[in-house]
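> Quick one: structure below, then a few questions.
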Amino acid sequence: MIYILIIIAGIVLDRITKIYAVKHFISNPHSGSLINLTYLENRGAAFGILQDKRILFVILTIAIVLYLLYYFITNLKSNPLVLNIAFSLIISGALGNFYDRLFQGYVVDFIEFAFIDFPVFNIADILVTVGCGLLIIYILFHGEKRS
C-alpha cells in the first residue's frame, strides 16, 4: 500500500538526515545564501515553545498519532487520495520527531533559512507542514458545505 510506503519513507528520510546532521553539522555548520545547515537540539515544540515538556509531548504525540491512525485506517477507502496522502505525511513527520523525543529527549533540527529570521527545522517538520497544508486545501475546497 502506497500510504504505508509514504510513512516509512518519511521516517527513514528524517532519521537519515538527522543522523547526518549530528555527524557533520555540530562542529562544521554550513552557511549558504538560502539555507544554513546547522545543529540545534529542540527540547520544545514548534518554534521552541514549551521547552523541556518532554512527557507532555510524548503523551500528546501518542494520542494524536493513535487518533490519526484510527481515522486514517477506518476511512482509507472512502477518503480521496489527497486526504490519505496528507494523513500519511502528518503521521510520518509526527513519528519522526516522536522518535527523537522518546529516545533522546530532544528533536534534532538542522535546516535554517539564511535570508529570514525563522526557526530551525527538520524533515519531519516539513512532512507535517506539507501534510497540514494539503489537509487545509482539501477542507477549503472540498469540505462539507454548510448553509
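The values are calculated or read from the model by the stated rules, or taken from the named source; none is laboratory data. Quick caveat, the model's predicted, so the values are computed rather than measured. FYI the Cβ positions are ideal-geometry reconstructions off the backbone, even for glycines, and counts take in every protein chain you see. Surface areas here come from the heavy atoms of the whole protein model, side chains and all, with no ligands, DNA or RNA. Shrake-Rupley method; radii C 1.70, N 1.55, O 1.52, S 1.80 Å.
> Largest first, how would 18, 77 line up by accessible area (1.4 Å probe)?
Ranking 18, 77 by accessible area, largest first, yields 77, 18.
> OK, next. Ranked from the most accessible area to the least, with a 1.4 Å probe and all protein chains present, what is the order of 24, 142?
Largest to smallest exposure gives the sequence 142, 24.
> Quick one: 3J(HN,Hα) in Hz for the range 82-97, Karplus 6.51/-1.76/1.60 with θ = phi - 60°, rounded, Gly and Pro as x.
The phi angles translate into 4, 5, 5, 5, 4, 5, 4, 5, 5, 4, 4, x, 4, 5, x, 6 Hz.
> If you place +1 on the Cβ of every Lys and Arg and -1 on the Cβ of every Asp and Glu, how big does the dipole about the Cα centre of the range 1-135 come out, in debye to the nearest 20?
Charge dipole, the range 1-135, about its Cα centre: 340 debye, nearest 20.
> Contour minus end-to-end for residue 106 and residue 74, with contour as 0.36 nm per residue of separation and end-to-end as the Cα-Cα distance?
That works out to 8.3 nm of additional length.
> Between 88, 102, 123, whose Cα lies farthest towards the positive end of the dipole of the chain when Lys and Arg beta carbons carry +1 and Asp and Glu beta carbons carry -1, centred on the Cα centre?
Looking along the dipole axis, the top candidate is 88.
> Mean residue ellipticity at 222 nm from the helices of the chain, using -39,500 (n - 2.57) per DSSP H segment of n ≥ 4 over the full residue count, to the nearest 500 deg cm²/dmol?
-21000 deg cm²/dmol, from helical runs alone.
> Which whole-number percent is the relative contact order of the range 6-147 (Cα, under 8 Å, 6+ apart)?
34 percent
> Between 62, 116, 26, find the one with the highest GNM mean-square fluctuation for the chain; connect C-alpha pairs within less than 10 Å.
Most flexible of the set in this elastic network: 116.
> Carbon-plus-sulfur fraction of the accessible area of the range 12-117, 1.4 Å probe, in percent?
68 percent
> May I pose another question? Go through the range 116-126 residue by residue and turn each phi into a ³J(HN,Hα) via Karplus (6.51, -1.76, 1.60, θ = phi - 60°); whole Hz please, and just put x for glycine and proline.
Computed from phi, the couplings for the range 116-126 are 9, 8, 9, x, 6, 9, 9, 5, 4, 4, 5 Hz.
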